[in-house]
Amino acid sequence: MHKTIINDLIAKSKGLFILLLVLAVSMSAYAQDGKAIFDANCKMCHAINDVVIGPPLKGVDQKFSKDWLHKWIKNSQSLVKAGDKDAVAIFKEYNQLVMPNQNLSDAEIDAVLGWIHEESNKAPVAAAPVGAPATSGAAEAAKDNSTLYWVIAIIIILLALLATLGKIKKGLEYAVRDKEGIPQPQPVSGWQACKNWIRGNKKLIAVILVIFMIWSNVKGWYTLKDIGVYTNYQPEQPIHFSHKLHAGDNKIACLYCHSGADKSRHANIPSANVCMNCHKYVKEGPVYGDQEIKKIYAALDWDGTKYGSNQKPIQWIRVHSLPALAYFNHSQHVKVGKIECQTCHGPVQEMDVVKQFSPLTMGWCINCHRETEVKVDGNAYYDGIHKDLAAKYGKDAKITVDKIGGLDCERCHY
Amino acid sequence: MKRIYNISFLTGAGLMLLSACGDKQSPGLEYMPDMYRTPAIVAYSPSTVYKDSVSALPPVTGTVARGQYVDFNYPNTNEGYEAAGAELKNPFTPTPELLAYGKEEFMTYCAHCHGEHGDGNGWLKIKGDKFPVPSYFDETHKDLPEGKMFFSITYGKNLMGSHASQVSPEDRWKIILYIKNLQKEHAASETTTASN
C-alpha cells in the first residue's frame, strides 16, 4: 500500500519534472531563435538601448500593440501612407528613413519580439570591462613611480646615516685628542679641502678630464650630424589613435584612410568623416573605452544621430616633414613605383604612436634611387623609353631609377 | 697644448648642451630653418587667414574641375535614391583590366566590412561580433540597380558612411563593375549547385 503511493508520487513528479524541462528548453530555444533572427535581420539598424540607424527597441513590445508591430515590420510604408499617427511620427523623427520590409513569418516576428522583451527587462550593462584595462594601466604606472620613490627614500636615509656617522667619528676624534693633550687642528673650509684633494690627485683628474673630453666630442659630432634630421620623432597626438590597432590588428588598408597616397602629392590626413564610417557604430575602443572616440564626436559635434554646427578641426601633429626646398609626390611612388608604404614609413602597423622611421635625408633618397629597379613591365609609358635604355645599357641591364634621371637635381629641387 | 685642451673641452661641453634635447616630443634642431620652411601655407598647416585656422578648404560650391564627373546630381533623399536607381547607368563596360582594378579598390575600401567575396563577412569585428553588413547576394541586394549602388557609396546608406571623399566617381563605377561581376559569379555557382 505504502509502496504504491510512493511509486505513484515518484511517477507523477517525474512527469512534472519532464514537463518543466521541456518548457525550459523550449523557452530558451524560442529566445535563441529570436536573437538569431534579430542578428540576421534587425541588427544592422537597431539595438536595444542605443540609436543605431533606427530607434532603440527597448520596451517596444509594451509601447505598441502586437498587431501594429507585425504590420510595421512587414511593411512600414503602407502604415505611413495610410496615415497611422504613430507610424508617421516615427518616420519623421528618423529623417524619413524607410525601414526595409522584412520577409518574416508571424512566428518569427513573435520570436524576435519575445527576445526584445527579455532583453528590455535586463538592466543596461555598465561599461566596466572596457574601463578595467585603463584603470589597471594607471595602477601599473603608479606602481612604477612608487619603486622610484622607494629608491630615492632609501638613498636619502643612507646619506643621513653617513652624515650622522661622520659627525660621531669627528666628535670621538676630538674627544680622543682632547684627552691625550694633542692640539686640535685648524678647521679647513670645504672649498679649501676640495682644492687640497685636487692637488693631491692630479693624475686621476687628468685622466677623468681626457675621457670626458673624448666622449663629449664624439657625442657632439653626432649631435651636429643630426641637425635637421628627425628620425625617431614620435610626438604624442591629440587623439590616442593607434595604427597598431587599426592597420595591424584590424587590417584596414593604409589607403582606406590615406586615400590620397595613390592619387596625389599628399597621402592625406583623413578628415573625421572617414573615422565616422566605422565609429558611428564602434563607440568603444579596447584600451581607452569611449574616451578617445568621444574626441572625434566632439570635433564633429555629433550627438549620436546628427552632426551639429559647432565643428572643430582635430589638430594632429605632423610627423614627417620634408624641407620646402624638396618636392616629393606620393602618387608617383605608390601608384607608378609600386613602393610599399612600409619601405619608407617602417612597420607603422606595429606602432601605437607613429614615429619617423627613415631619416628622409637627401642621401637616403638618392641611395634608394640608385638601388630600386623601375617597374617597366605592363606600363605603356615606359615602352619607348625602355627601348632606348636597352640600347644604351644592354638588354638585360637593371634599369634603376637613377638611369631614368632619378639623380637629376631638378627632379626634386625646382 | 693647453689652448687645444681648453678649446676642445669647451666645444665638447657646448655640444653636449645641444645634444641634451634628445626628446621624442620634439623634432630636434634645425640649422637656418628659413631654407627649410616656406612662408607659403603648407598642406594641412593651420593658418590665421582662414576661419577656424583650417587651410584645407573644400572647393567653392558649384565649381567643377576639368574632367570632373558631373553626371550625378541627385539629392540625398529616398526619392533621389529611387531616381538614381532608375536612371543612372555605369559608363564603363567590364574588361579584365577594369575588373582587376575594381577588385583592387574593392579590397581597399569595401572588403573589411563587406567581405572579400561580398558575402557580408568582413574581417572587422566588434567585441568578437561581425559588423552587421548585408550580403550582396540576399533578396534585397542581388538585383540592386547600379545607380542605387552608386548612390549608396556616394551618400552612404544606413550604417555605412559616405565614401565620396575617399573614392573618386570613376573608381566607384569600377568597384560597382566588380561587385556586379561577383553577383553574376555567385548566381552562376548557385544554379550549378542547384542543378547538381
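The values are calculated or read from the model by the stated rules, or taken from the named source; none is laboratory data. Only a predicted model underlies this, so the values are computations on that prediction, with no experimental measurement involved. Neighbour counts run over all protein chains shown; Cβ positions are idealised from the backbone, glycine included. Heavy atoms of the whole protein, side chains included, go into the accessibility calculation; ligands, DNA and RNA do not. Shrake-Rupley method; radii C 1.70, N 1.55, O 1.52, S 1.80 Å.
In µm²/s, what is D for segment A:32-119 at 4 °C and 1.567 mPa s, where D = kT/(6 pi eta Rh) by Stokes-Einstein and Rh is the Kirkwood radius from Cα pairs?
99
Using the charge dipole of the protein assembly as shown (Lys, Arg: +1 at Cβ; Asp, Glu: -1 at Cβ; taken about the Cα centre), state which of B:41, A:162, A:282 has its Cα farthest towards the positive end.
A:162
Could you compute how much accessible surface residue A:265 exposes when probed at 1.4 Å, giving the result in Å² to the nearest 10?
110
May I ask for the angle, rounded to the nearest 10°, between helix B:78-87 and the longest principal axis of chain B, with both axes built from Cα atoms and the value confined to 0 to 90°?
70
Return the distance in nm (one decimal) between the two label points of a simple spin-label model at residue A:376 and residue B:87, each offset 7 Å from Cα along Cα→Cβ.
5.0
Could you work out the local net charge near residue A:394, counting Lys and Arg as +1, Asp and Glu as -1, over the other residues with Cβ closer than 14 Å to its Cβ?
+3
Could you size up the charge dipole of the protein assembly as shown around its Cα centre, putting +1 on the beta carbon of Lys and Arg and -1 on that of Asp and Glu, and report it in debye to the nearest 20?
The calculation lands at about 2840 debye.
Roughly how far apart, in whole Å, are the Cα centres of segment A:217-271 and segment B:64-83?
That distance is 36 Å.
Ignoring ligands, DNA and RNA, what percent of the accessible area of the protein assembly as shown is carbon or sulfur (1.4 Å)?
62
Where in chain A are the DSSP H helices whose C-alpha atoms run 24 Å or more along the long axis and whose mean Kyte hydropathy is at least 0.0?
Helices passing the filter in chain A: A:2-37, A:128-180, A:202-225.
Straight-line reach from residue B:127: which aspartates and glutamates have a Cα under 16 Å away, not including same-chain ones fewer than 8 places off?
A:39, A:249, A:284, A:290
Over 28 Å between Cα atoms: which of A:295/B:142; A:58/A:92; A:225/A:338; A:375/B:130; A:295/B:24; A:251/A:335 fall into that group?
Those over the limit are A:295/B:142; A:225/A:338; A:375/B:130.
Relative contact order, percent, of segment A:32-119 when contacts are C-alpha pairs under 8 Å separated by at least 6 residues? Each step should come with its number before you reach the end.
Working: 84 pairs, mean separation 36.2, N = 88.
The normalised contact order for segment A:32-119 reaches 41 percent.
Residue farthest toward the positive end of the dipole of the protein assembly as shown, with Cβ of Lys/Arg at +1 and Asp/Glu at -1: which of A:111, A:405, A:201?
With unit charges placed on the Cβ atoms, the residue in question is A:201.
Would you list A:305, B:61, B:93 from the most to the least accessible area, probe 1.4 Å? All intermediate terms of the calculation are to be shown ahead of the outcome.
Details: A:305 70, B:61 135, B:93 100 Å².
Putting A:305, B:61, B:93 in descending order of accessible area: B:61, B:93, A:305.
For every helix of n ≥ 4 consecutive DSSP H residues, a contribution of -39,500 (n - 2.57) applies; sum these over chain A, divide by its total residues, and give [θ] at 222 nm rounded to the nearest 500 deg cm²/dmol.
Details: 16 runs with 219 residues, N = 414.
Result for chain A, helices only: -17000 deg cm²/dmol.
Counting only the heavy atoms of the protein chains, how much of residue A:297 is accessible to a 1.4 Å probe, in Å² to the nearest 10?
Near enough 30 Å² of accessible area.
Go through segment A:76-83 residue by residue and turn each phi into a ³J(HN,Hα) via Karplus (6.51, -1.76, 1.60, θ = phi - 60°); whole Hz please, and just put x for glycine and proline.
5, 5, 5, 5, 4, 5, 6, x
What shape does segment B:78-196 have by the C-alpha gyration tensor, where a ≥ b ≥ c are the square roots of the eigenvalues, rounded means a/c under 1.5, and otherwise prolate means a/b greater than b/c and oblate the rest?
Here segment B:78-196 falls in the rounded category.
If you place +1 on the Cβ of every Lys and Arg and -1 on the Cβ of every Asp and Glu, how big does the dipole about the Cα centre of segment A:174-274 come out, in debye to the nearest 20?
In total the dipole reaches around 460 debye.
Dipole of segment A:32-119, Cα-centred, from +1 at each Lys and Arg C-beta and -1 at each Asp and Glu C-beta, to the nearest 20 debye?
For segment A:32-119, the charge dipole is close to 360 debye.
Could you check which residue among A:279, A:345, A:70 shows the biggest mean-square fluctuation in a GNM of chain A with a 10 Å Cα cutoff?
Result: A:70 has the largest fluctuation of those listed.
Taking the dipole about the Cα centre of chain B, with the C-beta of Lys and Arg at +1 and of Asp and Glu at -1, give me whichever of B:86, B:193, B:65 is farthest to the positive side.
Farthest towards the positive pole: B:65.
Within 10 Å of each Cβ in peptide A:253-261, how many partner chain Cβ atoms are there on average? Round it to a whole number, please. Mind showing how you got there, number by number?
Working: counts 7, 1, 6, 9, 1, 1, 8, 3, 0.
If you average over the peptide's residues, the count of other-chain Cβ atoms is 4.
Please work out how much accessible surface residue A:173 shows to a 1.4 Å probe, ignoring ligands, DNA and RNA, in Å² rounded to 10.
80
What accessible area, summed over both chains, is buried at the A-B interface (1.4 Å probe, Å², nearest 100)?
In total, this chain pair buries about 4900 Å².
Pull out the extension gain between residue B:35 and residue B:95, defined as 0.36 nm times the separation in residues minus the alpha carbon to alpha carbon distance; nm, one decimal.
On the way: separation 60, 0.36 × 60 = 21.60 nm, distance 4.96 nm.
Full extension of this stretch gives 16.6 nm more.
Can you tell me the length gained on complete extension of the stretch residue A:264 to residue A:329, counting 0.36 nm per residue apart and subtracting the Cα distance?
Details: separation 65, 0.36 × 65 = 23.40 nm, distance 0.70 nm.
Gain on extension, residue A:264 to residue A:329, equals 22.7 nm.
Working with all protein chains in place, sort A:280, A:387, A:375 by solvent-accessible area computed with a 1.4 Å probe, largest first. Could the numbers behind the result be given before it?
Working: A:280 50, A:387 150, A:375 85 Å².
Ranking A:280, A:387, A:375 by accessible area, largest first, yields A:387, A:375, A:280.
GNM, chain A, Cα, under 10 Å: largest mean-square fluctuation among A:193, A:89, A:391?
The residue with the greatest mean-square fluctuation here is A:193.
What 222 nm value per residue comes from the helices of chain B, counting each DSSP H run with n ≥ 4 as -39,500 (n - 2.57) and dividing by all residues, nearest 500 deg cm²/dmol?
On the way: 6 runs with 83 residues, N = 196.
Estimated from H runs of four or more residues: -13500 deg cm²/dmol.
Work out the mean other chain Cβ neighbour count within 10 Å for the residues of B:117-130 and drop it here as an integer.
Taking all residues of B:117-130 together, the mean is 2.
Under a plain spin-label model, where a point goes 7 Å from the Cα along Cα-to-Cβ, how far apart in nm are residue A:227 and residue A:51?
5.8
From the protein chains alone at 1.4 Å, what is the descending order of accessible area for A:99, A:276, largest first?
A:99, A:276
Can you tell me the FRET efficiency between residue A:395 and residue B:129 if r is taken as the Cβ-Cβ distance and R0 is 35 Å, rounded to the nearest 0.05?
The pair residue A:395/residue B:129 has a calculated efficiency of 0.05.
Using the C-alpha atoms of the protein assembly as shown, what convex hull volume per residue, in cubic angstrom, is computed? Each step should come with its number before you reach the end.
Details: hull volume 233.0 nm³, N = 610.
Dividing the Cα hull volume of the protein assembly as shown by its residue count gives 382 Å³.
Along the Cα→Cβ direction, 7 angstrom out, place labels at residue A:407 and residue A:176. What is the inter-label distance in nm?
Here the answer is 7.9 nm between the modelled labels.
By how many nm would the segment from residue A:201 to residue A:306 lengthen if fully extended, with 0.36 nm per residue of separation less the alpha-carbon distance?
Between residue A:201 and residue A:306, full extension yields an extra 30.0 nm.
Using a cut-off of 13 Å between beta-carbons, work out the net charge of the residues near residue A:301 (Lys and Arg +1, Asp and Glu -1, residue A:301 not included).
+2
Which net charge results when you count Lys and Arg as +1 and Asp and Glu as -1 among the other residues whose beta-carbon is under 10 Å from that of residue A:184?
Summing Lys and Arg as +1 and Asp and Glu as -1 gives -1.
I want to verify a result. In a Gaussian network model of chain A, Cα cutoff 10 Å, which of these has the top mean-square fluctuation: A:358, A:259, A:309?
Per the Cα network of chain A with a 10 Å cutoff, A:309 tops the list.
With an 8 Å cut-off on Cα pairs and a minimum separation of 6 or more residues, tell me the relative contact order of chain B in percent.
17
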